[in-house]
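**Q** Shown below is the structure under consideration.
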Amino acid sequence: MPVYVTEAEVEATLTPAVARAAVRASFERLARGVVDNPPRIRTPLEDGVFAVMPCVDHELGYAGLKSYAWLPAGTPFVVVLFDLERADLAAVVEAEHLGRLRTSAASAVAAEELARAGATTLGVFGCGRQAAAHVVALRDALPGLDRVVVSGRDERRVAAFCAEHGCDAASQPSDAGGCDVVVTATTASDPVLRGEWLRPGAFVIGVGANEPSARELDNAVLERASFVCTDSRDEAREEAGDLIEPVAGGLLDWLEVHELQDVVAGTTVARGSDDDVVVFKSNGLAAWDLAAAARVLELLRP
């Protein structure tokens, strides 16, 4: 019988460290070419969108998908795992919590590879669940972080977020933008991070703006970047407004956009010096969902 895994079971099993290890291994398999991860498929609904993210991880031994319905009343997520060797349905995994942890885990892997050595400050734009997951995951991955500065539109929400997570509220957005590591995890359609705020050596992680017309990063961020990478160029070409618009405007070329898997595998060198500004644009891959869900299943099975 297939295993049904609840949100509570995922939360009790999948720690930031476990998620990070699973996602790092996923990047390594992507680099070896044993994972097929086509772009996300979105189908419009009257008041939202239905999305399907397929993947086959040949080495891990699973085919599967993450699917969700983005609706006014909420967004249910699920990951389905098919065992390739047994040719059966292995598991159905509730995936709201898993999705937050796998996204922040990918950012944590990116930070381990791309952040300047000795980074001590983290700036976060946004104060939702994804922002919270990133604070936890990046603190876990970069133990040298001793200050987190949070910027958001709603002062009360920012204050509550900071009280819960031990952060400092930014007096102005440039406070968060001037940190060693900067995360944008918002629902904004227009840029929230300006390149002029970045300090030499900054590492920027763009998590939101997963639509062609949406931006979190202004052009100056890309102008200052000496290295730009993403999780999937194919995915980015379809939905990463932070890269699509700069490419269309001639500011950037897709040939200059690398994939993080090659950095993890050691075949691409990202940082030439501690003063280089580096950007990682995260779109979110089903490969991460399969890897995290498979690890949860492994830990839950006797």
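**Q** Among residues belonging to region 78-114 that are open to solvent by 20 Å² or more (accessible area, probe 1.4 Å) and touching an Asp or Glu at 6+ places or on another chain (Cβ under 8 Å), point out the one that is farthest from D289 (Cα to Cα).
**A** Ranking the candidates gives L89 first.
**Q** Across region 30-49, what is the number of residues that are touching a strand residue (DSSP E or B) at 6+ places or on another chain (Cβ under 6 Å) and crowded, with 18+ Cβ neighbours inside 10 Å?
**A** 3
**Q** Please list, ordered by residue number, the strands (runs of 3 or more DSSP E) wholly in region 1-94 having 2 or more residues that are closer than 26 Å to R237 by Cβ and touching a residue at least 40 places away in the same chain (Cβ under 8 Å). Reasoning before the result, please.
**A** Numbers: elements: 3-5, 41-45, 48-57, 62-70, 77-83, 88-94.
Hits in region 1-94: 48-57, 62-70.
**Q** To continue, here is another question. In the list G241, G272, G249, which residue meets the criterion of being open to solvent by 10 Å² or more (accessible area, probe 1.4 Å), of a type outside the set (S, T, N, Q) and over 20 Å from V109 (Cα atoms)?
**A** Details: G241 fails: open to solvent by 10 Å² or more (accessible area, probe 1.4 Å); G272 fails: over 20 Å from V109 (Cα atoms).
Step by step, each of G241, G272, G249 is checked, and only G249 is open to solvent by 10 Å² or more (accessible area, probe 1.4 Å), of a type outside the set (S, T, N, Q) and over 20 Å from V109 (Cα atoms).
**Q** Can you report the number of residues in region 207-257 which are without any contact (Cβ under 8 Å) to a residue 12 or more places away in the chain and either outside any helix (DSSP H, G or I) or closer than 15 Å to F280 by Cβ (or both)?
**A** Looking only at that region, the number is 2.
**Q** Could you list, in sequence order, all residues of region 275-302 that are among the acidic types (D, E), in a helix (DSSP H, G or I) and open to solvent by 10 Å² or more (accessible area, probe 1.4 Å)? Quick ask: steps written out before the conclusion?
**A** Kept after step one, since they are among the acidic types (D, E), are these residues of region 275-302: 275-276, 289, 298.
Next, only the ones that are in a helix (DSSP H, G or I) stay: 289, 298.
Scanning region 275-302 gives a single hit, E298.
**Q** On to the next question. May I ask you to list the residues in region 146-160 that are closer than 20 Å to G178 by Cβ and either open to solvent by 20 Å² or more (accessible area, probe 1.4 Å) or out of contact with any strand residue (DSSP E or B) (no Cβ under 6 Å at 6 or more places or on another chain) (or both)? First the steps, then the outcome.
**A** Of the residues in region 146-160, the ones closer than 20 Å to G178 by Cβ are 146-153, 155, 158.
Matches in region 146-160: D146, R147, G152, R153, E155.
The values are calculated or read from the model by the stated rules, or taken from the named source; none is laboratory data. The structure presented is a predicted model; accordingly, all values stated were derived computationally and were not measured. Every residue, glycine among them, receives a Cβ derived from its backbone with ideal geometry; neighbour counts consider all protein chains shown. Just the protein is used for accessible areas: all its heavy atoms, side chains included, with ligands, DNA and RNA removed. Shrake-Rupley method; radii C 1.70, N 1.55, O 1.52, S 1.80 Å.
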